[in-house]
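The structure under discussion appears below in the form of structure tokens.
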Amino acid sequence: MGINNAELTRINTPLTNFSGNIVEPIGEVTLPISLDMCGIGPKVMVHRLNMNPKIRPVKQKKRAFGNKRIKAIKEEVEKLLRTDYIRPVQYPEWLANVVLVPKPNGKWRICIDFTDLNKACPKDSYLLPRIDALIDSTS
């Protein structure tokens, strides 16, 4: 895909096992990712939502943020625009607010509040199987 290992950052996440009321660590997963997302085309995965046409679009009220949070939002939006993962829309039908979640390192994780949009999407008739059921069926 045009990315070499020197350009990747390793993200470690704990791998846990849940049994009853206990969550116990059983290892760690390391995922190499590119922080700038350069070289990975946005067409690698495209997702289209099925929408219920009877539900009217919702425009959430704009939330107020402090200067530090506004700076974090602008930096993330500029990065996503630069890498073509998002694009400007002049007249959006749906507006969803940004939600900032503090990371352990003191930075912010940028999320989107899609609660209103989720209400307009029909529920799947066939739920995805649980991972534990899939693993048990292979043994």
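The single condition among (1) assigned to a loop (DSSP other than H, G, I, E, B); (2) at pLDDT 80 or above; (3) surrounded by 11 or more Cβ atoms within 10 Å (Cβ to Cβ) that M37 does not meet is (2). Of everything in the stretch 83-139 that is under 15 Å from the mean Cα position of the chain (by Cα) and basic (K, R), the residue that is farthest from R48 (Cα to Cα) is K103.
Residues in the stretch 60-74 that are more than 22 Å from L117 (Cα to Cα), touching a strand residue (DSSP E or B) at 6+ places or on another chain (Cβ under 9 Å) and loosely packed, with under 13 Cβ neighbours inside 10 Å: K68 alone.
Considering Y85, Y126, Y91, the condition of being outside any helix (DSSP H, G or I), aromatic (F, W, Y) and surrounded by 10 or more Cβ atoms within 10 Å (Cβ to Cβ) is satisfied by Y85 alone. Against the test of being touching a Leu at 6+ places or on another chain (Cβ under 6 Å) and either β-branched (V, I, T) or in contact (Cβ under 8 Å) with a residue 40 or more places away in the chain (or both), the options I131, I70, I86 yield a single qualifying residue, I86.
The values are calculated or read from the model by the stated rules, or taken from the named source; none is laboratory data. In this text, all values refer to a predicted model and were calculated from it rather than measured experimentally. With ideal geometry, Cβ positions are generated from the backbone for all residues, glycine too; neighbour counts draw on all protein chains shown.
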